[in-house]
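In what follows, a structure is listed as structure tokens, so that the remarks can point back to it.
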Amino acid sequence: MSKKQIPVLPLRDVVVYPNMVVPLFVGRKKSIKSLEDSMNEFDKHILLITQKSPDVDDPNENELYSIGCLATILQLLKLPDGTMKVLVEGSSRAQINKLSSVDGSLYADYLEMTPSSRLPSTHEDALSRTLEDTFNQYVKLNKKIPPEVLSSIAGVEDLSKLSDSIAAHMTMRLEEKQEVLEIVDTKARVEYLIKTMNSELDVLQVEKKIRGRVKQQMEKSQ
């Protein structure tokens with residue numbers, strides 16, 4: 001872990017994971033200044049941190065989570081209304097030590113957090129397979145996720161990357177998405193996702209049965 005300083009971009013209602021490419025719309029003055037600083041002085045590097053409440057307009061240290069995602073700006077576009085559309089790619093998890101405001105921009109002293117060392121290959125293969133199989137079932141039952149998501153994760157071999165890709169597509173509350181970001185240990189993160197999906201699968205199975213029964217009763221009454 002190495003300690004550094006970087007501009008911060010607070011996010012209102014999204015959690016970005018490493019290796020994810022995400023478009024963001026930025027309108028706050030401080031945030032636009034952070035993007036400009038990142039482009040001009042930090043080789044397009046920025047730290048993305050989610051706000052605990054999306055309603056806060058000028059979040060301080062207590063109103064931001066302490067773990068965020070280091071990212072690189074891939075594209076920056078100024079829109080006619082003065083807001084900016086930015087395309088970012090997450091690279092790694094980072095722990096904030098201290099936030100400070102410098103010339104109207106938000107800066108963080110941070111430590112980069114690297115995923116835990118690799119597991120024995122048989123253990124990793126088993127976890128990877130269980131995670132993918134569970135996600136397959138989850139997507140089939142969850143109507144909010146497009147089925148083509150499955151092909152986007154099919155070629156991902158790195159377990160840490162796979163778990164982050166799956167987490168990004170899951171329909172979780174913001175707090176849960178943040179919790180996944182905060183689990184640095186790969187094995188623990190995979191197990192958390194499998195457990196979360198299994199709980200959701202139980203609910204979805206019950207909903208499916210209820211819909212089936214209601215449909216049968218309606219057909220009988222007709």
- Task: All but one of (1) under 28 Å from residue 12 (Cα atoms); (2) of a type in the set (A, V, I, L, M); (3) part of a helix (DSSP H, G or I) hold for residue 210, so report the exception by its number.
- Result: (1)
- In the stretch 146-162, what count of residues is obtained for those that are more than 19 Å from residue 189 (Cβ to Cβ) and in a loop (DSSP other than H, G, I, E, B)? 5
- Item | Sole exception among (1) farther than 24 Å from residue 186 by Cα; (2) among the small types (Gly, Ala, Ser); (3) open to solvent by 40 Å² or more (accessible area, probe 1.4 Å); (4) part of a loop (DSSP other than H, G, I, E, B) for residue 101, by number | (4)
- Task: Output the residues belonging to the stretch 54-100 that are of a type in the set (Ser, Thr, Tyr) and either touching a residue at least 12 places away in the same chain (Cβ under 8 Å) or touching a Leu at 6+ places or on another chain (Cβ under 6 Å) (or both).
- Result: 65, 66, 72, 83, 91, 92
- Identify all residues within the stretch 113-129 that are surrounded by 15 or more Cβ atoms within 10 Å (Cβ to Cβ) and more than 18 Å from the chain's Cα centre (by Cα); write none if there are none. 119, 124, 127, 128
- Item | Whichever residue in the stretch 36-66 is crowded, with 19+ Cβ neighbours inside 10 Å and modelled with pLDDT of 95 or more and, among such residues, is farthest from residue 110 (Cα to Cα) | 50
- Task: Kindly establish whether residue 96 is within 26 Å of residue 176 (Cβ to Cβ), of a type in the set (A, V, I, L, M) and either in a loop (DSSP other than H, G, I, E, B) or open to solvent by less than 10 Å² (accessible area, probe 1.4 Å) (or both).
- Result: no
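The values are calculated or read from the model by the stated rules, or taken from the named source; none is laboratory data. Everything numeric in this text was worked out from a predicted model, so none of it was measured. With ideal geometry, Cβ positions are generated from the backbone for all residues, glycine too; neighbour counts draw on all protein chains shown. Heads up: the accessible areas ignore ligands, DNA and RNA and are worked out on the full protein's heavy atoms, side chains in. Shrake-Rupley method; radii C 1.70, N 1.55, O 1.52, S 1.80 Å.
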